[in-house]
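S.K.: So that we are looking at the same thing, I have put the structure below in structure tokens.
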Amino acid sequence: MLRRRILSYLPRWIKPVMVGRYKRSDGKVLPLTRICSSTYLQGEKNFHVEDNVYIGHANFIDASNGLTIEEGCQITNFVSILTHSSHDAIRLYGKKYTSTPRKLAYNEGQVKIGKYSFIGPHAVIMPGTTLGKGSLVSAYSFVKGSFPDYAILSGNPAVVIGDTRERDSKWLAEHEDLKENYQSWNEE
């Protein structure tokens, strides 16, 4: 009874927190990068993240085959970013899956997320995906492939449904003081 009572209080005592000043595997400290303690990072030695990145709560980040997240990106909550997946191979091999060393249909590939991109909640980014800078991935999207800069992506499978520059132009027209900030990363 006491054990059950103690276990019921654990979630109240142990809460996820944002951890700032992330230290990459190469030793570089990124003072503006924040990663939540409830995000699981696999393959950290192949994880290249730049500064001013936010990775929120309860994400699964697989960098085992190479993952680059460029400056200024935001990864919200419950996102999966994968650099390998057995979702096709498991059906083809059945019970022999675990005993087969080199599998056909085993998906592997690097993932790159361009500067100042946003990944919405519950999105899945598959192996071999490249997102251009300034992209926006809507919630619950299944993303696989290469996408241009400023793409707004949505769906399962995700397709380009718009351009973030069109959304941004309204703000920039109303707030001239933002143009210099916007152009500082946009024209590189």
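Throughout, read-outs are computed from the coordinates displayed, never taken from laboratory work. Worth saying up front: this structure is predicted, and the values here are computed from it rather than measured. Note that we place each Cβ from the backbone using ideal geometry, even for glycine, and neighbour counts take in every protein chain shown.
S.K.: For LYS45, go through the lysines and keep the ones whose alpha-carbon is under 16 Å away, minus same-chain ones fewer than eight residues off.
M.R.: Leaving aside lysines fewer than 8 places away in the same chain, those within reach of LYS45 are LYS23, LYS28, LYS112.
S.K.: Let me ask you something else. Taking 0.36 nm per residue of sequence separation and subtracting the Cα-Cα distance, how much length would be gained by fully extending the chain between ASN46 and SER99, in nm to one decimal?
M.R.: Values: separation 53, 0.36 × 53 = 19.08 nm, distance 2.63 nm.
The ASN46-SER99 span can extend by a further 16.5 nm.
S.K.: Let me ask something else. Report the label-to-label distance for ARG165 and PHE142 in nanometres (one decimal), using points 7 Å from each Cα along the Cα→Cβ vector.
M.R.: Placing both labels 7 Å along Cα→Cβ, they lie 3.1 nm apart.
S.K.: I've got another one for you. Can you list residues whose amide H is under 5 Å from TYR22's amide H, if they're 5+ apart or on another chain and H is modeled 1.01 Å from N?
M.R.: Hits under the 5 Å cutoff: LEU30, THR33.
S.K.: Could I ask something else about it? From the helices alone, meaning DSSP H stretches of at least four residues, give me the mean residue ellipticity at 222 nm for the chain, per-run term -39500 (n - 2.57), in deg cm²/dmol to the nearest 500.
M.R.: Working: 4 runs with 36 residues, N = 188.
The helix-only estimate for the chain comes to -5500 deg cm²/dmol at 222 nm.
S.K.: If you take the charge dipole of region 15-163 about its Cα centre, with +1 on Lys and Arg Cβ and -1 on Asp and Glu Cβ, which of TYR97, ALA158, GLY120 is farthest toward its positive end?
M.R.: Comparing the listed Cα positions along the dipole, TYR97 ranks first.
S.K.: What whole-number distance in Å separates the alpha-carbon centres of region 26-83 and region 107-154?
M.R.: 14 Å
S.K.: Through the Karplus equation 6.51 cos²θ - 1.76 cosθ + 1.60, θ set to phi - 60°, convert the phi angles of region 167-178 into ³J(HN,Hα) values in whole Hz; use x for Gly and Pro.
M.R.: After applying 6.51 cos²θ - 1.76 cosθ + 1.60, I find 5, 5, 4, 5, 5, 5, 5, 7, 9, 3, 5, 7 Hz.
S.K.: May I pose another question? Give me the one-decimal nm value for the distance between modelled label points at ASN186 and HIS84, 7 Å along each residue's Cα-to-Cβ direction.
M.R.: 4.0 nm
S.K.: Oh, and also: Of all the stretches in the chain, which is the longest one without any exposed loop site, taking trypsin sites (Lys or Arg not before Pro) in a DSSP loop (any state but H, G, I, E, B) with at most 16 other Cβ atoms within 10 Å? Mind dumping the intermediate values first?
M.R.: Numbers: sites that count: ARG21, ARG24, LYS28, ARG102, LYS103.
Answer from the scan: 104-188.
S.K.: Right, another one. Given a cut-off of under 8 Å on Cα pairs at least six residues apart, what relative contact order in percent is computed for the chain?
M.R.: Values: 452 pairs, mean separation 22.3, N = 188.
Reported as a whole number, the value is 12 percent.
S.K.: Provide the net charge surrounding THR68, with neighbours chosen by a C-beta distance below 11 Å and charges set as Lys +1, Arg +1, Asp -1, Glu -1.
M.R.: Details: positive: LYS112, LYS115; negative: GLU50, GLU70, GLU71.
Value of the local net charge: -1.
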